[in-house]
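These notes are about the structure you will find just below.
Computed from the coordinates by the stated procedures, all read-outs in this text should not be read as laboratory data. Everything quoted here is computed from the prediction, not taken from an experiment. Here the Cβ positions follow ideal geometry from the backbone for every residue, glycine too, while neighbour counts run over all protein chains shown.
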Amino acid sequence: MVAPLKVGIAGLGTVGAEVVRLIESEGRTLAERCGRAVQVVAVTARSKAKKRGVDLGGIAWAKDPLRLANDPNVDCLVELIGGAGEPALSAIETALKSGKSVVTANKALIAKHGLRLAAAAEKHGGALNFEAAVGGAIPIVKTLREGLAATGINRVYGILNGTCNYILTRMEQEGLSFAECLKDAQRLGYAEADPSFDVDGDDTAQKLAILASLAFGTKVAQGAVYVEGISSIAPEDLRAASELGYRVKLLGVAMRTVKGIEQRVHPTMVPKSSSIAQVMGVTNAVTIDGEGIAPITLVGPGAGGAATASAVLADIADVARGVRITPFGRPVERLKATEKAPMERHEGGYYIRLMARDLPGTAATIANRLAEQKISIESIVQRHPNGVDAGRSAGKASQVPVLLITYATHEDAVHRALQAVQRDKVISGRPQVIRIEKN
């Protein structure tokens, strides 16, 4: 009879407690599927007295994560502490160097130290599994690393942050401002008290850096990702997008170009007909464009105790089966360095909203400046206010929104054209620019 896989869990928050519960409740199924039992033999957390709703009787309590990692009775360390540094880093590295396998949900740590940890796993023979670090219950790591191992990937993109998707969904459906939706998201527990890591795009950037490595064989480099958040998005942008056949999402996009691998996070207009546009609320989704296959879209809960614990348990099951895959799909020494692609070189369509002076010649001036940069306009809408205009009655030009959709062009051309329009003093305020991602 094969000996049970003995698991030690560092971190007993919502996810850790759920993993303990699932191993207990699904023990028979796990044993049948893995060919051996899975047992939690030791745990550690900051508070031993805290009520967690799970039975920890008969399970050893380690004083700290490092002692758990050194415990000779533990075969597999499950790290659910979080954070890009200590104590998670030392605990994982210690476990790997002793030949143990490691399962983690720690995206920050993988994004920052993933290559170092993967090298330790490769050298000492243990597994380093991190399915739960990206996309919650969506099996995107396994899909890229194993399911599509023989498929050339051209682009991988998706909604990787439920907080931002929830806010944009509410803004679109209810016409609320960003500030109003953020406040409600915090009240409901979808956003942190300090939401900047989510709404500024950094959470998505960490996850995208990991996906880009798996998809394209590059070294994980969060610094190579261009990042914009969603705080500049206004209700009028969402209304305009809807009228033009689009929906706005915060996307993480990694794609192969003739100039290298482009990695970017920013608000994006996607066609309403696309699969990604149908994903609403806190749900996550990832689309993969591969050679010789139609796009594959995986959709599911991207966070939460049950969803994350499900992914953690799938990784534990692989360890129990004896599955050992190089963590990033290729040996670390074969991963290629990647640099931040200048967004000025990005090519695609753009949505542009301008507050223009309602005077003869304004539209022609804007069109001429775009033409000078060889930017073709797919559509243009100028909205006039209803009723008597206060600006005109006072002898001044009123301001009217002008909405433009361009055909594919380069980002630096868009910036040059808009700078020229601003110098012409035919618009006020800062232009709103949102990139368009086609199917």
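Quick notes on this structure:
- Net +/- balance of residues flanking Ala3 in space, Cβ distance below 15 Å, scoring K and R +1, D and E -1: +3
- Kirkwood hydrodynamic radius of the stretch 22-97, Cα pairs, Å: 13.8 Å
- Zone residues, the stretch 215-236, relative to Thr151, backbone N less than 15 Å from point 7 Å out along Cα-to-Cβ: 215-216
- Full-stretch length increase - His124, Lys374 - with 0.36 nm per residue and alpha-carbon distance subtracted: 84.4 nm
- The stretch 5-133, dipole about Cα centre (Lys/Arg Cβ +1, Asp/Glu Cβ -1), debye to the nearest 20: 240 debye
- Kirkwood radius, the chain, all distinct C-alpha pairs, inverse of mean reciprocal distance: 23.6 Å.
- Given R0 = 60 Å, the distance between the Cβ atoms of Ser98 and Ala234 translates into a calculated FRET efficiency of 0.65.
- Using the average count of surrounding beta-carbon atoms within 10 Å as a protection proxy, the listed peptides 7-18, 30-41 rank, highest first, as 7-18, 30-41.
- Highest-first packing order for the peptide set 81-93, 325-337 is 81-93, 325-337, based on the mean count of other beta carbon atoms within 10 Å.
- The phi torsions of the stretch 200-208, fed into the Karplus equation with coefficients 6.51, -1.76 and 1.60 and a -60° offset, translate into couplings of 7, x, 5, 4, 4, 5, 4, 5, 5 Hz, rounded to whole numbers, with Gly and Pro shown as x.
- Dividing the summed helix terms, -39500 (n - 2.57) for each DSSP H run of n ≥ 4, by the number of residues in the chain produces a 222 nm estimate of -10500 deg cm²/dmol to the nearest 500.
- Principal-axis tilt of helix 162-174 within the chain, Cα atoms, nearest 10 degrees: 40 degrees
- Nearest 10 degrees, 0 to 90: helix 88-97 Cα axis against the chain principal axis: 50 degrees
- Straight-distance candidates among the lysines for linking to Lys63, with alpha-carbon spacing under 29 Å and chain neighbours fewer than 8 residues away dropped: Lys6, Lys48, Lys50, Lys51, Lys97, Lys100, Lys107, Lys112, Lys123.
- Gain upon complete extension [Arg116, Leu359; 0.36 nm per residue less C-alpha separation]: 81.4 nm
- Helix 362-372 vs. the chain, principal-axis angle (Cα, 0 to 90°, nearest 10): 60 degrees
- Each residue of the stretch 42-58 is assigned a 3J(HN,Hα), and the resulting list reads 7, 9, 8, 7, 5, 10, 7, 7, 4, 7, 10, x, 10, 8, 9, x, x Hz, derived from the Karplus form 6.51 cos²θ - 1.76 cosθ + 1.60 (θ = phi - 60°), x at Gly and Pro.
- Taking Cα centre as origin and charging only the Cβ of basic (Lys, Arg, +1) and acidic (Asp, Glu, -1) residues, the dipole magnitude of the chain rounds to 440 debye.
- With a threshold of 21 Å on the Cα-Cα distance, the over-threshold entries among Lys142/Lys438; Lys259/Lys336; Lys183/Lys249 are Lys142/Lys438.
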